[in-house]
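Written below as structure tokens is the structure these notes are about.
What follows is calculated from the coordinates using simple rules that are stated; it is not laboratory data. Just so you know, these numbers come straight off a predicted model, no measurement behind them. With ideal geometry, Cβ positions are generated from the backbone for all residues, glycine too; neighbour counts draw on all protein chains shown.
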Amino acid sequence: MAEDSFPGWHGTTIIGVRKGGEVVIAGDGQVSLGQTVIKGTARKVRRLSSGGTDVVAGFAGSTADAFTLLERLEAKLDATPGQLARAAIELAKDWRTDKYLQKLEAMLIVSDGKDLLVITGAGDVLEPEHDVTAIGSGGNYALAAARALMDGDLSAEDVARKAMSIAADICVYTNGNLTVEKIKK
């Protein structure tokens, strides 16, 4: 099959919500190839412990690429214990300048309970406005829903779960099978 006719992998919605002294990162479980659901129970949110720092990470994109980035992030955390933002910046610099890493197709949302960051292959480390961020196929739907829910009395977890449910109702590449991880300051 020619590369340009390959239907492409789709699937993944990851959201990060900071509210009430905690951060929740949630991800759906769907992986699709073209119009076919390949797997509905993928786990795209992980807890990392490195350099004495507890970090929760969610990823969108190629799984192998994301795991490579998570391993690199753990190494950066070992080198800069307790400094997630610095480790994320160092990872983004490497990702942007290393010829091997430049080919990786993934994005990360990471948090240590204090910082909530999006790390991209373009060399960006972004701290979201409004304490909400989302990536992946249904990311914009989840982001819009979460921003609308932030002013209410819902907890960070409830905002994330409701936003993901809304995204799953709209985006065909998102399902309601969630992995949710919480981390406090």
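Counting every C-alpha pair in the chain, the share spaced more than 24 angstrom apart comes to 34%.
Sorting 133-146, 84-97 by their mean Cβ neighbour count within 10 Å, with the most densely packed peptide first, gives 133-146, 84-97.
Relative contact order of the stretch 96-185, taken over Cα pairs closer than 8 Å and 6 or more residues apart, is 23 percent.
Quick one: net charge of R147's neighbours, Cβ under 13 Å, K/R +1, D/E -1?
Charge balance in the 13 Å sphere: 0.
Extension gain for the segment K114 to D78, taken as residue separation times 0.36 nm less the Cα-Cα distance, is 11.2 nm to one decimal.
Mean separation of Cα pairs under 8 Å and 6 or more residues apart, divided by the residue count, gives the stretch 3-184 a relative contact order of 32 percent. Placing pseudo-labels 7 Å out from each Cα toward the beta carbon at D54 and A85 gives an inter-label distance of 2.2 nm.
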